[in-house]
Structure formats: structure tokens, C-alpha cells
There are 2 protein chains.
Amino acid sequence: MEDEFKKSMENAAAQMRKGVLEFAILLVIAKREIYANEIISRLKNAKLTVVEGTIYPLLSRLKNSELLDYKWEESKSGPPRKYYSLTAKGRQFLKGCEEQWRNLESAITNLKK
Amino acid sequence: MEDEFKKSMENAAAQMRKGVLEFAILLVIAKREIYANEIISRLKNAKLTVVEGTIYPLLSRLKNSELLDYKWEESKSGPPRKYYSLTAKGRQFLKGCEEQWRNLESAITNLKK
DNA sequence: CCTACTACCTTTTTATGCAAGGTAGTAATA
DNA sequence: TATTACTACCTTGCATAAAAAGGTAGTAGG
């Protein structure tokens with residue numbers, strides 16, 4: 001397999017990941033209060049790689065849109081952490097995302113037929 | 001529901017669509033030779049809206065990457081059309097996309113648990 | 001020959017993910 | 001108490017790519 005091909009393939013995969021990134025982060029936060037580095041680990045486990053430079057601006061955006069809230073908490077080892085949680089608006093938004101996701105899944109299924 | 005919220009929701013939906021756009025187009029072309037405007041209609045039916053300014057550059061990119069090929073064909077009514085088809089490389093690429101898509105689906109499923 | 005329609009394509013704007021670099025708190029150790 | 005290591009936060013600048021808007025050209029009908 002050529003290099004160019006691999007590059008394109010990786011790029012396509014990255015595009016798909018980007019598309020659901022916000023959704024994925026909201027899903028993770030919905031489960032429990034969590035801070036940025038934990039979110040990164042959690043997504044990595046699910047094979048959705050995200051880096052700091054991506055997640056911090058995104059979390060800020062979601063906070064500004066009032067979909068998220070956070071509270072500072074001390075850490076036993078290291079600097080304090082921002083624990084994020086969903087606001088009521090955020091939960092509503094997440095529901096919308098879930099519906100969009102189902103639509104997307106059915107769209108792809110249809111296109112395959 | 002506020003306006004801001006709707007806007008964010010639409011934006012999130014758009015993001016998701018973007019992520020699978022290339023994949024969706026390849027799926028459509030895989031079924032039969034087809035030209036740009038038909039692709040647009042086909043995707044619209046599947047609730048994946050795309051516009052010309054999006055699809056033409058994308059088709060060119062895929063052609064340049066040798067994933068697509070095309071041939072001109074006369075139309076009974078109007079200017080000639082570029083009918084696109086997948087190259088061998090394109091079919092291989094599509095397989096890769098399908099795998100990525102499955103990965104994404106399982107990632108989301110896992111994050112929900 | 002003018003209008004309508006279809007089909008192609010390009011230019012410009014905007015959004016956003018990511019690499020890289022930066023600050024600061026804790027803690028172990030030399 | 002200086003040094004190093006680690007964790008956690010955040011910002012700047014670049015590259016990519018979708019979408020809006022505008023442009024060219026072929027056919028057809030009145």
C-alpha cells in the first residue's frame with residue numbers, strides 16, 4: 001500500500017472522528033463529572049484520539065454556549081482540576097445529538113442499499 | 001426553543017454530516033456511474049444535504065487522488081455530463097471507509113455504556 | 001435572439017482541529 | 001532550597017475543507 005493512500009485513508013478516518021467529537025465528549029460528561037485529561041483518556045480507550053489543543057477550546061465553547069458547567073476541585077497530586085458536567089440545556093442538546101446520530105446511521109444504511 | 005440553541009444544534013448536525021460526506025459520495029458512486037447533480041439529489045433524499053460548492057471541489061480531489069475516474073457523456077437536454085465511477089483504488093478506499101465507519105459506530109456505542 | 005434551464009467550475013469566507021509552546025501547582029530528591 | 005518530573009490548565013498560529021456566491025457555457029423553446 002502506497003504512502004499517499006494511507007494518508008488519504010487516515011485523513012478520511014480523522015474527518016469522521018471530527019464529526020462526532022462534540023457528541024462523544026458530551027456523552028462522556030453525561031455519565032459523570034470529569035476533567036479534561038480524563039476525557040482524553042476515555043476517548044482514547046474508545047479509539048477516538050483527541051489532543052489537548054483540541055479539547056480545551058472545545059470545552060470553553062461548550063461552556064460559553066451554556067451546555068456545560070464546571071467546578072474546580074483540588075487534586076491530591078498536582079494542580080486543581082476543572083470537573084465538567086452537563087447543564088439542563090446540555091442534556092437537551094445531547095438528546096438532539098443522539099437523534100442526529102441515528103439519522104446519520106440510517107442515511108448511511110440507506111445509501112448502501 | 002431559543003434561536004441560539006437551534007443554531008448550535010444545526011451546526012452539530014452539519015459537523016456530523018461533513019464527517020461522512022466523502023464516504024457517502026463514494027457509496028453512491030459505487031452503485032452506478034453518476035454525475036454531480038444526481039449525487040446531490042441522491043444525498044438529499046437520504047437527508048444529507050450537499051451543495052455544488054462543496055461537491056465539485058470534493059470530486060476533483062477524489063479524482064486527483066485517483067479514487068475516481070469520469071467520462072463525459074452527452075445529455076438529451078443540456079450540457080454534457082461527467083459520469084463518475086470508482087477506480088480499483090477507489091473501491092479499496094471505500095472498503096477502508098466502511099471499516100472506519102464501523103469503528104466509529106462501535107466507539108459511540110461504547111461511550112454510551 | 002432572448003429567456004430558462006442544466007451542468008460545470010472557481011473564488012472567498014469562515015470554522016475548527018491540531019501542533020507547538022507556555023504557565024503554574026505539587027512533590028520527590030539531591 | 002534548587003532541580004527535576006509530572007500533571008493540568010490555556011493560547012497562538014497554521015492548514016484544511018465546507019459552504020456561499022458568483023461565473024461560464026451548452027441546449028431548447030418561444
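Rule-based calculations on the coordinates, nothing more; no lab input. Worth saying up front: this structure is predicted, and the values here are computed from it rather than measured. We place every Cβ from the backbone using ideal geometry, glycine too, and count neighbours over all the protein chains shown.
Just a few scattered comments:
- Taking every residue in A:38-49 and counting other chain Cβ atoms within 10 Å of its Cβ, the average works out to 2.
- Copies compared at A:Gly53 - label distances in nm, ascending, label defined 7 Å from Cα in the Cβ direction: 2.8
- Value of relative contact order over chain B, rounded to a whole percent, pairs C-alpha under 8 Å and six or more apart: 25 percent
- Legend: mean number of C-beta atoms from other chains within 10 angstrom of residue C-beta atoms, peptide B:13-25, equals 6.
- Residues within the reach of a label modelled at A:Lys71 (point 7 angstrom out along Cα to beta-carbon, backbone nitrogen below 13 Å), restricted to the range A:27-48, are A:33-34.
- Where rotation carries B onto A, the chain B residue whose Cβ is nearest that axis, in whole Å: B:Gly19, 1
- Cα-centred dipole magnitude for the range B:1-78, charges only on beta-carbon of K, R (+1) and D, E (-1), debye, nearest 20: 200 debye
- Using a Gaussian network model of chain B in which every pair of alpha carbons under 10 angstrom is joined by a spring, one finds that among B:Glu74, B:Glu66, B:Glu38 the greatest mean-square fluctuation is at B:Glu74.
- Entry note, chain A: the mean residue ellipticity at 222 nm calculated from DSSP H runs of n ≥ 4, each adding -39500 (n - 2.57), is -23500 deg cm²/dmol after division by the residues and rounding to the nearest 500.
- For A:Ile34, the residues whose amide H sits under 5 Å from its own are A:Tyr84, ignoring neighbours fewer than 5 places away on the same chain, with H placed 1.01 Å from N.
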